[in-house]
Structures are given as structure tokens and as C-alpha cells.
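The structure appears right after this line, and notes come after that.
The values are calculated or read from the model by the stated rules, or taken from the named source; none is laboratory data. Source: prediction; values computed, not measured. Note that each Cβ is placed from the backbone with ideal geometry, even for glycine, and that neighbours are counted across all protein chains shown.
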Amino acid sequence: MCGRYLTKDERALERELFLDIRRWPQWAGSYNIAPTQLAPAVIHTADGNVCELMRFGLVPYFAHGESPKYSTINARIETLTKAPSWRGPWKRNQRCLVLASGFYEWHVLADGKSKQPYLLRLA
């Protein structure tokens, strides 16, 4: 996952997604969702797929509910099954669908200090 992303409001997502989702929370679209903020994600439950507002980022079990001092927003496929933060949730099928309409990547400018955000999304 990226460091910042955007998502549309629930009505726009309902129209665009072809997912069988049983429950949608209300939220306003945002152009700047950052780690630790609540954002919409789809999870599978016994009653079917539901959309919930969830915290952006993973709090590993060994953090005992406290946000870790290091980033847990990016999982690399090469270490997903081995890294302590990710291997347990991966084995237990604890996954979700993050409803992102686009994401930002940052480009370092010529001065070497400033960064310019670039929005990436489907055409």
C-alpha cells in the first residue's frame, strides 16, 4: 500500500463496484487518507461481504494494541509469509479490500529536498 491515497464517497463506490456488499457505512470521500485514519475496507464475514471503516495500517499482535514505532502500511510479497508483522494475519486469512480510487507517489525535485506528489489512478 502507499503512504497516502484517496477514495470516493459510499454512493459513488456503490455505483462503480460490482461487489455483493451487505452493509455500507456512511463516509465522505477524501483526497488525503493517511496512516492511522479511518477508511472504508471490505471484509468477509459469516453474513457475507460488509464494508467497515477501519484503521489504515496494521497493528501487529506483539504491539499489544499500541501503534508500532515503525511503518506497517507496506507489505512486500517477498517477506509476507516470513515477517513477524504479516505472517500471522496472512496464515489466518485476515485480509480486506481497501477501497482506493487512486494513490499518491512522491517525486523528489531537483533541489533534493522538496517532494512533489503525483496522483495515480485508472483512466
When you look at G112, is it surrounded by 12 or more Cβ atoms within 10 Å (Cβ to Cβ), on the phi > 0 side of the Ramachandran plot and outside any strand (DSSP E or B), yes or no?
-> no
Pick from the range 44-72 the residues that are at pLDDT below 80, hydrophobic (A, V, I, L, M, F, W, C) and not in a loop (DSSP other than H, G, I, E, B): which of them is nearest to G102 (Cα to Cα)?
-> A63
Considering every residue within the range 84-94, establish whether at least one is at positive phi and not in a strand (DSSP E or B).
-> yes
Selected residue (criterion: nearest to E10 (Cα to Cα)) from residues of the range 84-101 that are under 17 Å from the mean Cα position of the chain (by Cα) and loosely packed, with under 13 Cβ neighbours inside 10 Å = R95
Would you point out which residue out of A75, A28, A41 is closer than 22 Å to R121 by Cβ, modelled with pLDDT of 80 or more, surrounded by 12 or more Cβ atoms within 10 Å (Cβ to Cβ) and out of contact with any Gly (no Cβ under 8 Å at 6 or more places or on another chain)?
-> A41
Verdict on Y104 being assigned to a strand (DSSP E or B) and under 15 Å from the mean Cα position of the chain (by Cα) = yes
Any hit, the range 98-108, residues being farther than 20 Å from I43 by Cβ, among the hydroxyl-bearing types (S, T, Y) and touching a residue at least 12 places away in the same chain (Cβ under 8 Å) = yes
The condition from (1) surrounded by 13 or more Cβ atoms within 10 Å (Cβ to Cβ); (2) touching a helix residue (DSSP H, G or I) at 6+ places or on another chain (Cβ under 8 Å) that T81 misses is numbered (1)
